[in-house]
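Here's the structure we're looking at; comments come further down.
The values are calculated or read from the model by the stated rules, or taken from the named source; none is laboratory data. Since we're looking at a predicted model, the values are computed, not measured. All Cβ positions, even for glycine, are placed from backbone atoms using ideal geometry, and neighbour counts span all protein chains on display. Note: accessible area is taken over every heavy atom of the protein model, side chains too, but ligands, DNA and RNA are not part of it. Shrake-Rupley method; radii C 1.70, N 1.55, O 1.52, S 1.80 Å.
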Amino acid sequence: MTQRAGTDVDVAAQTGPQPAELDEDSARWMSSLRSTGARRDQAVADLHALLLRAARFEAGRRAGGMPAADRDDLAMQAADDALMQVLGKLDTFEGRSRFTTWAYKFAIYEAGVKARRRIWQDREVTLEAESWSLIPDTGSGPAAEAEGRELLHALEDGIRTALTPHQRNVLVALAVTGVPIDVLSDRLGTTRGALYKTLHDARRKLRGHLGDQGLAVLADGYVKETR
Amino acid sequence: MTATPLADTLRRLLGPGKPEVTCETCFDLLDQYVDAEVLGQDADAAGPGLRAHLDGCPACADENDTLRALVAFE
């Protein structure tokens with residue numbers, strides 16, 4: 001599942017912790033799910049219930065305004081899909097976390113993606129990088145505003161001139177207009193990871209553009225003149 | 001502390017500006033990262049570059065928040 005997204009990405013791929021011995025609860029889950037007959041059936045039913053709890057939790061956080069029946073339907077679909085994933089990947093579980101934590105993340109992912117897509121299903125996603133501006137987002141005192149405007153003008157210039165059209169469209173959609181990455185990946189027929197790589201490359205180009213203008217952005221958001 | 005609108009805009013546009021993992025690697029490591037956090041262990045050792053990714057990717061950050069809340073609740 002690992003995929004490189006840039007020269008400074010994937011720093012964990014070769015340095016993560018080694019497989020660990022299973023804790024007692026995780027070992028019980030694995031043993032039951034690898035068994036046969038009634039014991040396995042019960043374990044699968046228990047796992048589905050666990051995944052449904054996680055999916056409902058995430059659906060409640062991301063789609064609280066959705067009618068309860070729709071939200072529950074979404075959570076059930078997410079739990080069903082997560083169950084298939086967990087069972088299919090059972091042999092990849094190495095005990096680096098508790099089994100339940102490992103299993104939860106599949107349900108949370110499925111429920112989160114489904115919730116974002118459901119919420120945006122009737123909303124248009126425009127990829128016209130002409131109809132946006134960063135400037136109205138500023139404003140916290142005259143000095144900060146002046147500094148912010150200068151920086152944002154430099155950023156706008158960078159977005160319009162330093163990025164490829166695809167990078168510009170993706171950056172504006174994700175970082176300016178707030179389209180969720182799963183919604184955009186769905187509309188563009190790609191993946192979250194591929195879009196994030198594009199976003200990552202665009203961000204790096206923008207930082208480079210600011211550097212060319214003699215500007216650097218510090219971790220706290222302040223701007224530093226570099227020349 | 002609430003980020004100013006400018007700081008928030010910069011964060012969204014420029015990202016973390018640090019070495020970070022991909023979304024795929026983030027998903028692979030998220031469970032051990034969260035377990036380490038909840039158990040008071042060194043989460044960054046469990047997932048180097050993952051914190052920076054969570055700062056730059058709202059979708060992965062949402063999943064991290066939910067998983068941590070769920071695990072911590074148990």
Those residues that are at pLDDT below 95 and facing another protein chain (nearest Cβ under 8 Å), I need them from segment A:175-191; list them, please. A:175, A:176
Restricting segment B:34-50 to residues that are open to solvent by 50 Å² or more (accessible area, probe 1.4 Å) and touching a residue at least 24 places away in the same chain (Cβ under 8 Å), which is farthest from the other protein chains (Cβ to nearest Cβ)? B:37
Only one of A:43, A:38, A:20 is over 16 Å from residue A:106 (Cα atoms) and modelled with pLDDT under 95; which? A:20
Restricting attention to segment A:92-134, report how many residues are basic (Lys, Arg) and away from chain B (no Cβ under 13 Å). 2
Take residue B:7 and decide whether it is within 7 Å of chain A (Cβ to nearest Cβ), surrounded by fewer than 21 Cβ atoms within 10 Å (Cβ to Cβ), hydrophobic (A, V, I, L, M, F, W, C) and without any contact (Cβ under 8 Å) to a residue 12 or more places away in the chain. yes
What pairs come out if I take residues in segment B:51-74 that are under 20 Å from residue B:14 (Cβ atoms) and pair them with residues that are of a type in the set (A, V, I, L, M) and surrounded by fewer than 21 Cβ atoms within 10 Å (Cβ to Cβ) whose C-beta lies under 8 Å away, six or more apart or interchain? B:51/B:43; B:54/B:61; B:55/B:61
For segment A:206-222, enumerate the residues that are modelled with pLDDT under 70 and buried (at least 18 other Cβ atoms within 10 Å of the Cβ). A:221
Would segment B:45-59 turn up any residue that is basic (Lys, Arg) and under 30 Å from residue A:208 (Cα atoms)? yes
Among residues of segment B:12-33 being more than 7 Å from chain A (Cβ to nearest Cβ) and farther than 21 Å from residue A:183 by Cα, the residue most open to solvent (accessible area, probe 1.4 Å) is B:18
